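Engineer: Here it is, the structure, as structure tokens.
The values are calculated or read from the model by the stated rules, or taken from the named source; none is laboratory data. Remember, it's a predicted structure, so these values are computed and weren't measured experimentally. Methodologically, a virtual Cβ is constructed for each residue, glycine included, from the backbone with ideal geometry; neighbour enumeration extends over all protein chains shown.
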């Protein structure tokens with residue numbers, strides 16, 4: 001199955017990264033959705049693609065597919081960060097960029113943290129400086145009072161990792177605020193109001209856990225929160241596995257549903273870390289994620305004639321996209337493939353295939369009941 005996943009991630013990522021590496025992304029990537037998103041969709045496509053494939057690129061092996069994709073990704077970053085490139089995605093002299101830049105600077109930062117050597121350490125010093133300058137420039141944006149706080153936190157985390165400096169006051173504040181938004185049973189509200197959508201998986205859990213872990217031993221609040229944040233993620237893993245239907249579908253609820261299989265980034269990240277709940281087997285989670293990937297990517301018209309994703313959850317469904325959705329947005333789907341960061345000898349790939357919860361329940365098997373965590 002791992003070879004099939006590698007083939008799939010190549011189909012997803014290569015049209016974006018190859019075009020960017022050649023300085024042609026602005027020319028050939030369709031905007032999709034609202035045409036006003038043309039000023040941010042290219043950065044979205046790069047950043048979201050990289051954050052999903054980064055663990056695969058980070059592997060220390062001689063896999064030709066990984067090595068080839070790494071080379072393309074590095075060239076794409078160089079093109080995106082070079083002011084002389086037709087695909088330059090940084091700040092121009094007039095600084096006229098959308099606040100959406102902060103969002104995808106954060107996804108780019110997350111990719112860098114997931115593959116620090118491949119996507120930063122192996123680049124030329126000049127490119128590294130351009131990356132750091134780009135991340136610092138996003139400090140001009142004040143995030144809304146919701147999950148966007150984590151975008152600021154992720155940018156600061158990458159600056160801390162790669163330059164040794166960041167705004168620790170910002171990071172401390174963000175962690176304390178996120179803790180206030182814990183509502184129970186593994187969930188956080190998205191700001192002051194709880195929303196029943198997949199943002200706990202698209203953004204909140206994956207970014208919050210990685211930020212907290214990076215600042216352990218640096219900020220006392222990180223030391224205090226680390227186990228709580230981890231335990232909440234474990235609980236939501238159980239819930240995510242339970243909502244995958246026997247055919248790989250899942251409830252099409254909430255905004256940004258067109259991120260497709262990216263709705264299960266949380267489950268994929270915990271599989272990558274080999275920290276799945278004891279109630280779940282690796283073989284079952286692998287099969288469940290594979291079913292979701294197939295259900296959301298194999299339907300006719302999922303891809304355009306030029307190989308880019310169309311807006312939709314199961315095929316070409318532009319009405320499912322909000323006003324902020326464009327072609328580049330859709331590449332958060334790559335985050336379902338995070339377990340590719342595990343070598344082929346890992347238990348996630350080698351453990352026997354077993355049925356996931358919904359398959360067992362709806363085939364009449366006697367399955368242990370689910371229950372809430374009972375804590376915030």
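Yes or no, residue by residue, for (1) farther than 19 Å from residue 54 by Cα; (2) in a loop (DSSP other than H, G, I, E, B):
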site: 253; (1), (2): yes, yes
site: 265; (1), (2): no, no
site: 270; (1), (2): no, no
site: 276; (1), (2): yes, yes
site: 288; (1), (2): yes, no
site: 296; (1), (2): yes, no
site: 313; (1), (2): yes, yes
site: 316; (1), (2): yes, yes
site: 331; (1), (2): no, no
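Engineer: Could you tell me how many of the residues in the range 254-276 are touching a residue at least 24 places away in the same chain (Cβ under 8 Å) and surrounded by fewer than 18 Cβ atoms within 10 Å (Cβ to Cβ)?
Structural biologist: Going through the range 254-276 one residue at a time, the tally reaches 4.
Engineer: Quick one: would you say residue 210 is buried (at least 19 other Cβ atoms within 10 Å of the Cβ), touching a helix residue (DSSP H, G or I) at 6+ places or on another chain (Cβ under 7 Å), closer than 21 Å to residue 138 by Cβ and touching a residue at least 24 places away in the same chain (Cβ under 8 Å)?
Structural biologist: So residue 210 fits the description; yes.
Engineer: Of the numbered conditions (1) assigned to a loop (DSSP other than H, G, I, E, B); (2) in contact with a strand residue (DSSP E or B) (Cβ under 8 Å, 6 or more places away or on another chain), residue 192 satisfies every one except a single condition; which is it?
Structural biologist: Exception for residue 192: condition (2).
Engineer: Of all helices (runs of 4 or more DSSP H) completely enclosed by the range 1-93, which ones contain at least 3 residues that are touching a strand residue (DSSP E or B) at 6+ places or on another chain (Cβ under 9 Å)?
Structural biologist: In the range 1-93, the matching helices (runs of 4 or more DSSP H) lie at 2-21.
Engineer: Does residue 177 qualify as being in contact (Cβ under 8 Å) with a residue 24 or more places away in the chain, in a helix (DSSP H, G or I), surrounded by fewer than 22 Cβ atoms within 10 Å (Cβ to Cβ) and at negative phi?
Structural biologist: Considered against the rule, which asks whether it is in contact (Cβ under 8 Å) with a residue 24 or more places away in the chain, in a helix (DSSP H, G or I), surrounded by fewer than 22 Cβ atoms within 10 Å (Cβ to Cβ) and at negative phi, residue 177 comes out as yes.
Engineer: Out of the residues in the range 352-373 that are surrounded by 15 or more Cβ atoms within 10 Å (Cβ to Cβ) and touching a residue at least 24 places away in the same chain (Cβ under 8 Å), which is farthest from residue 1 (Cα to Cα)?
Structural biologist: Checking each candidate, the answer is 373.
Engineer: Based on this model, can you work out whether residue 314 counts as within 22 Å of residue 11 (Cα to Cα), over 18 Å from the mean Cα position of the chain (by Cα) and modelled with pLDDT of 95 or more?
Structural biologist: It is true that residue 314 is within 22 Å of residue 11 (Cα to Cα), over 18 Å from the mean Cα position of the chain (by Cα) and modelled with pLDDT of 95 or more.
Engineer: Does residue 345 count as farther than 25 Å from residue 114 by Cβ and either in a loop (DSSP other than H, G, I, E, B) or modelled with pLDDT under 95 (or both)?
Structural biologist: Spelling it out, it is not the case that residue 345 is farther than 25 Å from residue 114 by Cβ and either in a loop (DSSP other than H, G, I, E, B) or modelled with pLDDT under 95 (or both).
Engineer: For residue 255, indicate whether it is within 30 Å of residue 173 (Cβ to Cβ) and in contact with a strand residue (DSSP E or B) (Cβ under 7 Å, 6 or more places away or on another chain).
Structural biologist: For residue 255, the condition - within 30 Å of residue 173 (Cβ to Cβ) and in contact with a strand residue (DSSP E or B) (Cβ under 7 Å, 6 or more places away or on another chain) - is not met.
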